[in-house]
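Here the structure is laid out as C-alpha cells; the discussion comes afterwards.
The values are calculated or read from the model by the stated rules, or taken from the named source; none is laboratory data. Just so you know, these numbers come straight off a predicted model, no measurement behind them. All Cβ positions, glycine included, derive from the backbone under ideal geometry; neighbour counts span all protein chains shown. Keep in mind that these areas ignore ligands, DNA and RNA; they rest on the heavy atoms of the full protein, side chains included. Shrake-Rupley method; radii C 1.70, N 1.55, O 1.52, S 1.80 Å.
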Amino acid sequence: MKQNQDYKNAALAALKGNWPQALVATIIFLALAGIIFGPMEADNFRSIYGLAPIIPGYASFTFTLATIFIFYPLSVGYANSFRALLDTGDNRITSNTFSMGFGNWLHVSVGMLITYIYVVLWSLLFIIPGIIKVFSYAMTPFILVERPELSFNEAIDESRRLMDGHKFDYFYLMLSFIGWWILSILSLGIGFIWLMPYMETASAAFYADVKEEKGGGVLEGERVL
C-alpha cells in the first residue's frame, strides 16, 4: 500500500486545473443536501416547541424517503465523479454526479440502504463493531457504480474483500485530514467546499490502490453479515 501523502498528492494532481468544476459541484451537492435535510429540521422544531400533536409530522417520513432515493444516489454520484476525474481526467464533475448517481438509481439507492442497515445491525452489538464495518464497507459506493453487474450483497462483499487488512489504513488516511477539518470549522464551514473534493479524490486514489493490490473478483460463498 502507498503512503497517505501519495493519495493526497494524486488527489491534488487530479484536481489541479479542475478546482472550479470541483467547487461548483460541491456547492450544488451541499445545497441539495440542505434541501433534503431541511424537512427533518422542521420536524425537530415542531417537537421542541410542542407542536407535533397539532401539526402532522410528515417531515420524518419525507426525510427518510429523500435520504434513500435522492441523497444516497447523489452522494454516490458525487464520490464517483471524483473517481472519474482521477482515473480518466473527466472533469464534468457536476454532470457526472447526477449521471453516475442516478443512472442506475434504484440499484444505488437500495445498495446504500442495505449497507446502512448492516452497519446499524453491527452497531447494535456495540459501537466498535459498527465503526469497523463502516470502514469495511467504505468502498461500496465506488463498486456499485463501477461494477453494476454485481448484486447489492456482492458489491458489499467486494468492499469487504478489498478492505480486508486495510481498514486501519483507510481510517488513518481520513484521520490525516483532521487539521483541514479544524480549519474548515474555524472558517464557519466555508473550507469544506475545498476539503470535500480533496478527501473524495484521495479516497478514490485509495480505492484504485486496493484494487490494484487485490485484483478483481468477488468472494464466493460468503454472507455479508
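Report the FRET efficiency, 1/(1 + (r/R0)^6), for Trp19 and Tyr116, where r is their Cβ-Cβ distance and R0 is 41 Å, rounded to 0.05. It would help to have the intermediate numbers written out before the result.
Numbers: r = 31 Å, r/R0 = 0.76.
E between Trp19 and Tyr116, to the nearest 0.05, is 0.85.
How do Leu15, Leu125, Leu175 stack up against each other in accessible area, from largest to smallest, with a 1.4 angstrom probe?
The residues order as Leu125, Leu175, Leu15, largest area first.
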Exercise for review: Quick one: among Ile68, Ile36, Ile190, which has the greatest mean-square fluctuation in a GNM of the chain with alpha-carbon springs under 10 angstrom?
Suggested key: Ile190
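Would you please classify the overall shape of region 88-160 from the alpha carbon gyration tensor, given that a ≥ b ≥ c denote the square roots of the eigenvalues, rounded means a/c under 1.5, and beyond that prolate means a/b larger than b/c while oblate covers the rest?
Prolate is the answer for region 88-160, as a/c is 1.5 or above and a/b outweighs b/c.
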Point to revise | Karplus-derived 3J(HN,Hα), 6.51/-1.76/1.60, for each residue of region 136-141, Hz, glycine and proline x | key: 5, 9, 5, 8, 4, x
Exercise for review: For region 96-225, give the percent of accessible area contributed by carbon and sulfur heavy atoms, probe 1.4 Å, rounded to a whole number.
Suggested key: 70 percent
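Using per-residue counts of other Cβ atoms within 10 Å, averaged over each peptide, order 101-108, 131-138 from highest down. Intermediate results must be reported in sequence, preceding the final value.
Details: 101-108: 18.0, 131-138: 20.1.
Sorting 101-108, 131-138 by mean packing, highest first, produces 131-138, 101-108.
Near Ile93, within a Cβ-to-Cβ distance under 15 Å, what is the net charge of the other residues, with Lys and Arg +1 and Asp and Glu -1?
Net charge in that neighbourhood comes out at 0.
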Check your understanding: What are the ³J(HN,Hα) values, in whole Hz, obtained from phi via the Karplus relation 6.51 cos²θ - 1.76 cosθ + 1.60 with θ = phi - 60°, for each residue of region 3-11 in sequence order, with x given for Gly and Pro?
Key -> 8, 3, 5, 5, 5, 5, 5, 5, 5
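Given a 1.4 angstrom probe, what's the average accessible area per residue across the chain, in square angstrom?
Working: 11640 Å² over 225 residues.
Accessible area per residue: 52 Å².
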Revision key, fill the gap. Which of Ser187, Ser99, Ser203 fluctuates most in a GNM of the chain (C-alpha springs under 10 Å)? That residue is Ser187
Exercise for review: Could you give me the radius of gyration and the Dmax of region 94-134, taking only the C-alpha atoms into account and expressing both in angstrom?
Suggested key: 13.6, 40
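Given R₀ = 30 Å, what would the calculated FRET efficiency be for Ile35 paired with Ile128, taking r from the Cβ atoms and rounding to 0.05? Walk me through the intermediate numbers first.
Working: r = 34 Å, r/R0 = 1.14.
Taking R0 as 30 Å, the efficiency between Ile35 and Ile128 is 0.30.
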Check your understanding: Of the labelled options (1) 16.4; (2) 13.7; (3) 12.9, which one gives mean projected area of the Cα convex hull in nm² as computed for this structure?
Key -> (2)
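Using alpha-carbon pairs under 8 Å, 6+ residues apart, how would you state the relative contact order of the chain in percent? Working shown, then result.
Values: 259 pairs, mean separation 57.2, N = 225.
Dividing the mean separation by the residue count of the chain yields 25 percent.
Suppose every Lys and Arg Cβ carries +1 and every Asp and Glu Cβ carries -1, with no other charges. What dipole size does the chain come out with about its Cα centre, to the nearest 20 debye?
Numbers: 14 positive and 18 negative charges, 76 e Å.
Computed charge dipole of the chain: roughly 360 debye.
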